[in-house]
Amino acid sequence: MSFLSVHDEENIEEVEIRPARDQRTSDAPKKNVSQEELEDKYRDILSFVGEDPDREGLLRTPHRVAEALKFLTSGYKQDVETLLNGAIFHEDYDDMVVVKDIEFYSMCEHHMLPFYGKVHVAYIPDGKIVGLSKIPRLVDMFSRRLQVQERLTTEIAEAIETALSPRGVAVVIEGAHMCMLMRGVQKQASTMVTSHVMGLFRDDRATRQEFMALVKGNSRA
């Protein structure tokens, strides 16, 4: 996979996104589904595709798939405040912090097929920093939900903005989507790049240039 083929910072632009899920309303009541009911539905799916859910190799498949789905969507049971608890520190540091090449794996909400790739995160502190491991954990939390890459990009950036109130935040995600590679147009070399920039990264060209150089491994002195 080829990452960040953009030529300069002008390619980092804020993406248009739909309203956050917690801002949408629905009158439809939510039905809680038990583990047993979920496994029964997967047995029905096996029958639908022409398989025999009672053959030896598939007997425990509904259970395995249900357990896998619970893990892959475990981000719904997490929240930013709890995840970052105790890991925000006061520090007199005001230069750029970059954490790049964070692996992520998520599921597209349109086809429930995987998409995966790398996340690059930067922020400029304004008196507060966050423990290093918490940024990848934020990425995991938002990734382990049904997602679109555009929203995932924004959710990570806004979580850091809310938690730290930094002078600037930038997030770039490069993803390969199985809904494009395995089906549909089946374009194997396609990579989607999304970005969300806030504060100094949005307002100051030199700051954006520095971020791009650091992400591409060409840090300027």
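Odds and ends about this structure:
- Scan of the range 149-179 for residues that are free of Cβ contacts under 8 Å to residues at least 60 places away in the same chain and within 21 Å of Leu69 (Cα to Cα), ordered by number: Gln149, Leu152
- Checking every residue in the range 158-181 against the condition of being within 23 Å of Ser143 (Cα to Cα), among the hydroxyl-bearing types (Ser, Thr, Tyr) and assigned to a helix (DSSP H, G or I) gives at least one match.
- Matching residues, the range 168-198, being more than 15 Å from His120 (Cβ to Cβ) and either under 20 Å from the mean Cα position of the chain (by Cα) or surrounded by 19 or more Cβ atoms within 10 Å (Cβ to Cβ) (or both): Ala176, His177, Met178, Cys179, Met180, Leu181, Ser190
- Flag if Asp94 is in a loop (DSSP other than H, G, I, E, B) and either open to solvent by 70 Å² or more (accessible area, probe 1.4 Å) or under 24 Å from Ile173 (Cα atoms) (or both): yes
- Pairs are defined by a Cβ separation below 7 Å, a sequence spacing of at least 6 or placement on different chains, a first member in the range 184-213 that is at positive phi, and a second member that is open to solvent by 20 Å² or more (accessible area, probe 1.4 Å); the pairs so defined are Gly199/Arg167.
- Residue satisfying condition, being farther than 24 Å from Leu181 by Cβ, surrounded by 12 or more Cβ atoms within 10 Å (Cβ to Cβ) and more than 14 Å from the chain's Cα centre (by Cα), within set Leu69, Leu83: Leu83
- Per the listing Leu146, Leu152, the residue uniquely modelled with pLDDT of 95 or more and within 23 Å of Leu200 (Cβ to Cβ) is Leu152.
- Thr82 vs. criteria part of a helix (DSSP H, G or I), among the polar types (S, T, N, Q) and in contact (Cβ under 8 Å) with a residue 12 or more places away in the chain: no
The values are calculated or read from the model by the stated rules, or taken from the named source; none is laboratory data. The structure presented is a predicted model; accordingly, all values stated were derived computationally and were not measured. Heads up, the Cβs are rebuilt from the backbone with ideal geometry, glycines too, and the neighbour counts pull from every protein chain shown. All accessible areas refer to the heavy atoms of the entire protein, side chains included, with ligands and DNA or RNA removed. Shrake-Rupley method; radii C 1.70, N 1.55, O 1.52, S 1.80 Å.
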